[in-house]
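Remarks on the structure that follows.
The values are calculated or read from the model by the stated rules, or taken from the named source; none is laboratory data. These numbers come from a predicted model, not from an experiment. All Cβ positions, glycine included, derive from the backbone under ideal geometry; neighbour counts span all protein chains shown.
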Amino acid sequence: MENQLVIFADDTCPRFTVACCLLDYSTVCLADKFGNISILRVPVDANDDVEIDPTGSKGLWDRGLLNGASNKCDLLSHFYVGEMVTSVQRATLIPGGSESLVYTTLSGSIGVLIPFASNE
């Protein structure tokens with residue numbers, strides 16, 4: 001059997017991705033050419049399907065709507081920057097602090113997305 005790439009999960013909205021950054025095992029941050037930054041996560045129940053069929057050949061025949069993947073990613077957050085984002089990186093701004101997302105844009109701007117720490 002030849003090596004092949006199988007689409008495991010996709011998004012319901014087409015995105016023209018320019019930059020991406022992995023946040024954890026099932027979460028990714030994407031930036032598209034229209035100035036949007038989105039954070040997507042593969043659903044927890046979708047991971048069980050891979051363990052049942054590690055070859056991924058089931059995914060070739062289990063197609064969803066419009067020949068898309070059978071699993072759909074969940075949109076966790078979306079932010080409109082206003083210009084094309086060229087890079088996205090995880091970084092800690094303070095030693096020992098929490099991680100933030102640092103992005104740069106086409107015109108040279110640098111921005112930071114910092115998660116809120118809740119005390120609930």
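At-a-glance table
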{"item": "Test: Gly96 is within 23 Å of Leu23 (Cβ to Cβ), assigned to a loop (DSSP other than H, G, I, E, B) and either out of contact with any Gly (no Cβ under 7 Å at 6 or more places or on another chain) or modelled with pLDDT under 95 (or both)", "result": "yes"}
{"item": "Residue, farthest from Phe34 (Cα to Cα), within the stretch 62-93, restricted to residues that are modelled with pLDDT of 85 or more and part of a loop (DSSP other than H, G, I, E, B)", "result": "Leu93"}
{"item": "Pairs with Cβ under 9 Å, 6+ apart, first in the stretch 93-120 and within 13 Å of Val81 (Cβ to Cβ), second among the basic types (Lys, Arg)", "result": "Leu101/Arg90; Val102/Arg90"}
{"item": "The stretch 6-27, residues that are more than 15 Å from Asp74 (Cα to Cα), free of Cβ contacts under 8 Å to residues at least 24 places away in the same chain and in a loop (DSSP other than H, G, I, E, B)", "result": "Phe16"}
